[in-house]
Amino acid sequence: MTRIFQDIAVAFQFLTRLPLTRLPYEPDALSRAAKFFPLVGLAVGVAAAGIYRLLSPHLPTAIVALLIVLFSTLATGGLFEDGIADSADAFGGGWNRQQILDIMKDSRIGTFGALAIVFSIAGRVLLLASLQPGHVTQYVISADVLCRWTALPLGTALPSAREQASQGGRIARQISRVSLVVGTLIAFGVVCYLFQMSMWKPIAVASVVTLLSGVYYKRSIGGITGDCFGATGQLTLIAVYLCGVWHK
């Protein structure tokens, strides 16, 4: 039980900015903790849904949506926003594998990265504001859970694109099949509880985004980086929101 709680704490330390007590460093701690990434999404999603329920009776929907996006960004320290920005700059401006990796490592933000952040934030606010009031809790929580779940199949299937040690390399092809199964059961279990018979919709959307992005990373750079994990998570979040506003 102590190891389980330690792994959960590592997952929260890595994916959030909560002021938790730092644990002693262990090389395989992050890959072990990855199965609990969906739990982090559940906590962030429940808090975001709480903000909606608390403020929606008093503020316009668009303002509440903006505050939810602001909260999620601050809670995670802009981890996913950084990933999608760096990935947009790299894949948008790089002509070959080495250029892509070099640009991705550059701490400066370029035109593609700035546009990616703008469209990501604007898209999430608009999509959240467009969700039917009765479905906001379902989609907000499910999106946060599934966007963090994407690291599990990607980290199981893809190697690190860099030879040197990196954050992404700590989980790239380091996640065991047991962790993949446990994390998937947690994530899909939450979505099933929220959606019941309609659970296949957000799960299918998240799976397609994960599969397509993973194939793209493998073909473009031969593996995955930490920024790629963040980019796929952000795209999945947006895709699940889009699933909620899509009219049949």
* Mind checking the log10 I(q)/I(0) for the stretch 49-106 at q = 0.16 Å⁻¹? Debye, one equal scatterer per Cα, no solvent, two decimals. -> -0.61
* Structure fact -> Distance in Å, no decimals, from the C-alpha centre of the stretch 20-72 to the one of the stretch 214-248 is 19 Å
* To do: Can you tell me the equivalent ellipsoid semi-axes for the stretch 1-140? Use √(5λ) from the Cα gyration tensor, largest first, whole Å.
  => 28, 26, 11
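Based on the mean of other beta carbon atoms within 10 Å per residue, what is the order of 97-109, 226-238, most packed first?
Values: 97-109: 14.8, 226-238: 26.5.
Ranking the peptides 97-109, 226-238 by packing returns 226-238, 97-109.
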* To do: Can you figure out the FRET efficiency of Ala122 with Gln98, using R₀ = 30 Å and their beta-carbon distance, to the nearest 0.05?
  => 0.40
* To do: Once you have a ≥ b ≥ c as the square roots of the Cα gyration tensor eigenvalues for the stretch 169-248, tell me rounded if a/c is under 1.5, and otherwise prolate or oblate according to whether a/b is larger than b/c.
  => oblate
* Could you pull out which residues in the stretch 188-207 have an amide N less than 17 Å from a spot 7 Å beyond the Cα of Leu242, following the Cα-Cβ vector? => 201-207
* **the stretch 122-172, Rg to Rh (Cα coordinates; Rh as Kirkwood inverse mean 1/r)** => 1.21
* Value of relative contact order over the stretch 96-248, rounded to a whole percent, pairs C-alpha under 8 Å and six or more apart -> 37 percent
* **Selected from Pro133, Pro19, Pro202 as most flexible by GNM, with the chain as the system and alpha-carbon contacts under 10 Å** => Pro19
* **Rounded D (µm²/s) - the stretch 93-200, Kirkwood Rh over Cα pairs, Stokes-Einstein at 25 °C, 0.890 mPa s** => 147 µm²/s
* Taking only Cα atoms of the stretch 5-77, radius of gyration then Dmax in Å -> 14.8, 48
* **chymotrypsin sites (Phe, Trp or Tyr not before Pro) restricted to DSSP loop in the stretch 25-78 with at most 13 other C-beta within 10 Å** => Tyr25
* **About the Cα centre, charge dipole magnitude for the chain (Lys/Arg +1, Asp/Glu -1 at Cβ), debye** => 440 debye
* **Distribution of pairwise C-alpha distances over the stretch 35-245, 5 Å bins, in %** => 1, 8, 16, 20, 20, 16, 11, 6, 2, 1, 0
* Given a cut-off of under 8 Å on Cα pairs at least six residues apart, what relative contact order in percent is computed for the stretch 38-179? -> 31 percent
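Every number here is computed from the coordinates shown, using simple stated rules; none is lab data. Given the structure is predicted, the values throughout are model-derived calculations rather than measurements. Cβ atoms come from the backbone with ideal geometry, glycine included; neighbour counts cover every protein chain shown.
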